Amino acid sequence: MALSPIDDLLVVGGGIIGLSIAREAARAGLRVRLFDKGEIGREASVAAAGLLGPQIGVDRPEPLLPLCLASRDLYPDFAREVRDESGIDPGLLERGTLVVARNRGEADDLDRQGEFQRSIGLPVERVRGEDVRRLESSLSEECTEGLYLPRDLSVDPVPLVRGLERAVERRGVRLVRGTRVDSLLLEGGRAVGVRVGPDRVKSGAVVIAAGAWSGEIAGDGLAPVPSAPVRGQMICLGPATAPGRPVYADDVYLVPRSDGRVLAGSTMERVGYDRRVTATGIATLTAAAVALVPALGDATFHSAWAGLRPASGDDWPALGRAAAPGLLYACGHLRQGILLAPITAVVTVRLLRGEDPGFDLTAFDPGRFRRGAQADAAPLTRTLRSGDDARSRSAG
Ligand SMILES: Cc1cc2nc3c(=O)[nH]c(=O)nc-3n(C[C@H](O)[C@H](O)[C@H](O)COP(=O)(O)OP(=O)(O)OC[C@H]3O[C@@H](n4cnc5c(N)ncnc54)[C@H](O)[C@@H]3O)c2cc1C
């Protein structure tokens, strides 16, 4: 169903997804207002590690892969443009990712991933024995098997989000901070704006990009997409002797920053809207990081934080048009929202303009939850394991 032509857009949520959409829509000539219940970019987006690793853990076709690969390939231009538009450097690192294995089972997984990825034409290099530590000399001697993904990137989400905030303001996007959108405004079944307290704010189209809170925004007779938070804790060590590129292992990943610090993440915990850092979280991540890179045992403990990843009802994003004309969703990006921000913005603006999105979005249809798929919201507290489902392996 094509949207009627619109010239103004209201975006709900000022994380990396909402900001990227606002920027792309402003570039396309739309008048854009973006509402955030708090400060811009203070939730999941600035807690992220910044892995841009669509190939990590992939050993079979999956519907999100084309979007993930396309988004990674957009990143060099995206990061450069944000830097040029804002004067803030998002710290893009173009050194690939090294996925490591420390036992036979994990090494077999790397074989499968390498074979599948080669079969679909992705660049990938299986490394063994001393070659693993020739790539990253700080790794423990147990790391004798690896998969090098040369096209992967990483970015520092904190300056990236600050840069996006400044870039969209310079493009004329109106950022409305500290203003919670309560519900959708519907007229004749069409979304015509939002309710903010007692006020009705009219708009040609609305995009819900409210992260883990997206499910709170409903309209008369229109159920919201389900959303839930998945807490991720992160520690930061150093400056330290650390790998020069992201290293991804079964129980922890390490991401170096340009100033010599190294991040170690992350937990996957379904504990509601609880953003606390816990003793167990810090202890588990620290032990796993030191086991992977022994020299980190001597590093200064710099800081720790947690963020709430946005999960939808089935852990795939909700991306595209809703049943009500004029309403689109761009939420539920879980572990891959930093990676997926550029392509989410492109696809959303194509849909707003009535164009073909260029990708098959069937699996991400926001309406699929009305047809019965519901979240498995079982409480879950653990660090990342590569034995989890494919999506949980493939980013932060
Ligand atoms: C520890 C950790 C590590 C991660 N590592 C990676 C990684 O390496 N690579 C990767 O790609 N992804 C990673 N992620 C995932 C990534 O951070 C998220 O997928 C992404 O940030 C989601 O962005 P968002 O804009 O949808 O949500 P958010 O950044 O949470 O933004 C949502 C915004 O909506 C606002 N909002 C909510 N409700 C309302 C309302 N009613 N009205 C107005 N405003 C509202 C909020 O205030 C918030 O600012 C990680 C996440 C965590 C927690």
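The values are calculated or read from the model by the stated rules, or taken from the named source; none is laboratory data. All of these numbers come straight from a predicted model, not from anything done at the bench. In this analysis, Cβ positions are derived from the backbone assuming ideal geometry, glycine residues included, and neighbour counts consider all displayed protein chains.
For residues that are closer than 21 Å to L308 by Cα and surrounded by fewer than 24 Cβ atoms within 10 Å (Cβ to Cβ), scanning just the range 13-39, find the one that is farthest from the ligand (Cβ to nearest atom).
We begin by selecting, within the range 13-39, every residue closer than 21 Å to L308 by Cα; these are 13-21, 34-39.
Keeping just the survivors that are surrounded by fewer than 24 Cβ atoms within 10 Å (Cβ to Cβ) gives 35, 37-39.
Numbers: F35: 5, K37: 4, G38: 4, E39: 8 Å.
By that ranking, first place goes to E39.
For residues in the range 249-267 being within 10 Å of the ligand (Cβ to nearest atom) and assigned to a strand (DSSP E or B), which is surrounded by the fewest Cβ atoms within 10 Å (Cβ to Cβ)? Talk me through it step by step, then tell me what you get.
Taking the range 249-267 and keeping what is within 10 Å of the ligand (Cβ to nearest atom), we get 253, 255, 263, 265-267.
Imposing the further condition that a residue be assigned to a strand (DSSP E or B) reduces the set to 253, 255, 263, 265, 267.
Working: Y253: 28, V255: 29, L263: 29, G265: 29, T267: 23.
In this case the residue turns out to be T267.
Among the residues of the range 144-167, is there at least one that is more than 30 Å from G320 (Cβ to Cβ) and aromatic (F, W, Y)?
yes
Would you tally the residues in the range 308-333 being within 8 Å of the ligand (Cβ to nearest atom), assigned to a strand (DSSP E or B) and crowded, with 24+ Cβ neighbours inside 10 Å?
Count: 4.
Within the range 202-235, work out how many residues are within 11 Å of the ligand (Cβ to nearest atom) and under 24 Å from G281 (Cα atoms).
Summing the residues that are within 11 Å of the ligand (Cβ to nearest atom) and under 24 Å from G281 (Cα atoms) in the range 202-235 gives 11.
Going by the conditions given, is L237 at pLDDT 95 or above and either within 17 Å of the chain's Cα centre (by Cα) or closer than 19 Å to R42 by Cβ (or both)?
Values: at pLDDT 95 or above: yes; either within 17 Å of the chain's Cα centre (by Cα) or closer than 19 Å to R42 by Cβ (or both): no.
In short, no.
Looking at A279, A289, can you tell me which residue is within 20 Å of A101 (Cβ to Cβ) and at pLDDT 95 or above?
Values: A279 fails: within 20 Å of A101 (Cβ to Cβ).
Result of the check over A279, A289: A289.
Has the range 371-390 got any residue that is basic (K, R), outside any loop (DSSP other than H, G, I, E, B) and either surrounded by 13 or more Cβ atoms within 10 Å (Cβ to Cβ) or at pLDDT 95 or above (or both)? First the steps, then the outcome.
From the range 371-390, those basic (K, R) are 371, 382, 385; that's our starting set.
Those still in the list that are outside any loop (DSSP other than H, G, I, E, B) too: 371, 382.
Next, only the ones that are either surrounded by 13 or more Cβ atoms within 10 Å (Cβ to Cβ) or at pLDDT 95 or above (or both) stay: none.
Checking the range 371-390: not a single residue is basic (K, R), outside any loop (DSSP other than H, G, I, E, B) and either surrounded by 13 or more Cβ atoms within 10 Å (Cβ to Cβ) or at pLDDT 95 or above (or both).
Testing R83 on (1) more than 27 Å from D315 (Cα to Cα); (2) buried (at least 20 other Cβ atoms within 10 Å of the Cβ), one condition comes back false. Which one is that?
(2)
When residues of the range 41-77 are filtered for being part of a loop (DSSP other than H, G, I, E, B), within 11 Å of the ligand (Cβ to nearest atom) and in contact with a strand residue (DSSP E or B) (Cβ under 6 Å, 6 or more places away or on another chain), how many remain? First the steps, then the outcome.
So in the range 41-77, the residues part of a loop (DSSP other than H, G, I, E, B) come out as 41-43, 48-50, 53-64.
Applying the additional criterion that residues be within 11 Å of the ligand (Cβ to nearest atom) yields 41-43, 48-50, 53-54, 56.
Of the ones still in play, those that are also in contact with a strand residue (DSSP E or B) (Cβ under 6 Å, 6 or more places away or on another chain) are 49-50, 53, 56.
Summing the residues that are part of a loop (DSSP other than H, G, I, E, B), within 11 Å of the ligand (Cβ to nearest atom) and in contact with a strand residue (DSSP E or B) (Cβ under 6 Å, 6 or more places away or on another chain) in the range 41-77 gives 4.
So is A101 crowded, with 22+ Cβ neighbours inside 10 Å, out of contact with any His (no Cβ under 6 Å at 6 or more places or on another chain) and modelled with pLDDT of 95 or more or not? Explain how you work it out, then say what you get.
Values: crowded, with 22+ Cβ neighbours inside 10 Å: yes; out of contact with any His (no Cβ under 6 Å at 6 or more places or on another chain): yes; modelled with pLDDT of 95 or more: yes.
Here the answer is yes, as A101 does meet what is asked.
Pairs under 8 Å by beta carbon, first residue under 18 Å from L74 (Cα atoms) and among the basic types (K, R) in the range 149-170, partner assigned to a loop (DSSP other than H, G, I, E, B) and more than 11 Å from the ligand (Cβ to nearest atom), six or more apart or different chains?
R151/Q55; R151/G96; R151/L122; R151/P123
Among the strands (runs of 3 or more DSSP E) lying completely within the range 82-174, list those that include at least 2 residues that are under 20 Å from the mean Cα position of the chain (by Cα). Write out each step before concluding.
Values: elements: 97-101, 125-128, 145-149.
Output list reads 97-101.
Mind checking which residues of the range 178-192 are away from the ligand (no atom under 14 Å from the Cβ) and at positive phi? Break it down into steps so the answer makes sense when it comes.
Step one: of the range 178-192, the residues away from the ligand (no atom under 14 Å from the Cβ) are 186-192.
The answer is G188, G189.
Scan the range 211-247 for residues that are touching a residue at least 40 places away in the same chain (Cβ under 8 Å), part of a strand (DSSP E or B) and within 30 Å of R368 (Cβ to Cβ) and jot them down.
G219, L222, S227, A228, P229, V230, R231, G232
Looking at (1) in a helix (DSSP H, G or I); (2) within 13 Å of the ligand (Cβ to nearest atom); (3) of a type in the set (S, T, N, Q), which is the only condition T284 fails?
For T284, the exception is condition (2).
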